[in-house]
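In what follows, a structure is listed as structure tokens, so that the remarks can point back to it.
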Amino acid sequence: MIGYSDADYGGCKIDRKSTNGTCHLLGSSLVSWHSKKQACVALSTTDVEYIAVGNCCAQILWMKQQLEDYNIFLNHIPLKCDNTSAINLTKNPIMHSRTKHIEIRHHFLRDHINKGNCEIEYVDTKHQLADIFTKPLAKDRFYELRRDLGILEIS
């Protein structure tokens, strides 16, 4: 299993709220996806991406629990993120002084990474599959991501 997480910073032109997008693959099959506008305005791209990765982690934990009912046990599930500051925030609690405005509920991501349930990894924006769920894309990029997700066009 692998999770991809992305967000657009202030993408809504009306209220400047960001949109989270996540997708989860089991093997090469897309089994879950999610796209939702965040409830609050974020102060930085780090905040936006950190919240999005936290949402991705929550979905991974739910799917992990469901798979355990079928005697499939997974640990260290990779979560792919294209923001190095958000990745560093999960690994370095010293950054706390600059991020104390982030709500406590979002820090559960760091806790689950420390427990070994998942691990956050950098993915280049070019290979970020969740990009399709966060913003409008050029036609070629949209078709490329749709193909990479295994979604077929019905004609």
Residue match in the stretch 116-126 (condition: within 17 Å of Asp8 (Cβ to Cβ), surrounded by 11 or more Cβ atoms within 10 Å (Cβ to Cβ), in contact with a helix residue (DSSP H, G or I) (Cβ under 9 Å, 6 or more places away or on another chain) and at pLDDT 90 or above): yes
Residues satisfying the stated conditions in the stretch 117-138, i.e. in contact with a His (Cβ under 8 Å, 6 or more places away or on another chain) and of a type in the set (D, E, K, R): Glu119
Candidate set from the stretch 8-66 (those that are small (Gly, Ala, Ser) and in contact with a strand residue (DSSP E or B) (Cβ under 7 Å, 6 or more places away or on another chain)); member that is surrounded by the most Cβ atoms within 10 Å (Cβ to Cβ): Ala52
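The values are calculated or read from the model by the stated rules, or taken from the named source; none is laboratory data. Keep in mind it's a predicted model, so treat the numbers as computed, not measured. Methodologically, a virtual Cβ is constructed for each residue, glycine included, from the backbone with ideal geometry; neighbour enumeration extends over all protein chains shown.
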